[in-house]
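The values are calculated or read from the model by the stated rules, or taken from the named source; none is laboratory data. Worth saying up front: this structure is predicted, and the values here are computed from it rather than measured. Positions of Cβ are backbone-derived with ideal geometry, glycine not excepted, and every protein chain shown enters the neighbour counts.
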Amino acid sequence: MRGNDTSLSDFSEMWYGVFLWAAVSSLVFHLPAALLALATLRQHKTARFIPIAILLMGIVGPVCGGVLTSK
């Protein structure tokens, strides 16, 4: 028995930690930016769709980048 061992020994544990960190840190910056863009551009004819692109960058970036860098 190892006792209170907190080291990451399994690949899935390490992958999950890196992926989760990439997702949370990205959303911390992209979510407020999307909300600010939504509030300021809601009256604009075409620019009101920019918050959707910002949120997609905040989700797709960590999914692709987090997976690639955690392997």
Legend entry - Any pair with Cβ under 7 angstrom, 6 or more apart, that starts in segment 31-47 at a residue that is surrounded by 15 or more Cβ atoms within 10 Å (Cβ to Cβ) and at pLDDT 85 or above and ends at one that is hydrophobic (A, V, I, L, M, F, W, C) and in a helix (DSSP H, G or I): ALA33/ILE54; ALA34/ILE54; ALA34/LEU55; ALA37/ILE50; ALA37/ILE54; LEU41/ALA47; LEU41/ILE50
Inset, instruction - Select from segment 48-64 the residues that are β-branched (Val, Ile, Thr) and touching a helix residue (DSSP H, G or I) at 6+ places or on another chain (Cβ under 9 Å) and write down the one among them that is surrounded by the most Cβ atoms within 10 Å (Cβ to Cβ). - result: ILE54
Inset, instruction - Examine segment 11-19 for a residue that is part of a loop (DSSP other than H, G, I, E, B), of a type in the set (Gly, Ala, Ser) and at pLDDT below 75, and state whether such a residue exists. - result: no
Legend entry - Count of residues meeting criterion [over 9 Å from the mean Cα position of the chain (by Cα) and either on the phi > 0 side of the Ramachandran plot or surrounded by 15 or more Cβ atoms within 10 Å (Cβ to Cβ) (or both)] in segment 17-30: 1
Legend entry - Selection count where residues are assigned to a helix (DSSP H, G or I), closer than 30 Å to SER12 by Cβ and either among the aliphatic types (A, V, I, L, M) or touching a residue at least 24 places away in the same chain (Cβ under 8 Å) (or both), scope segment 48-71: 14
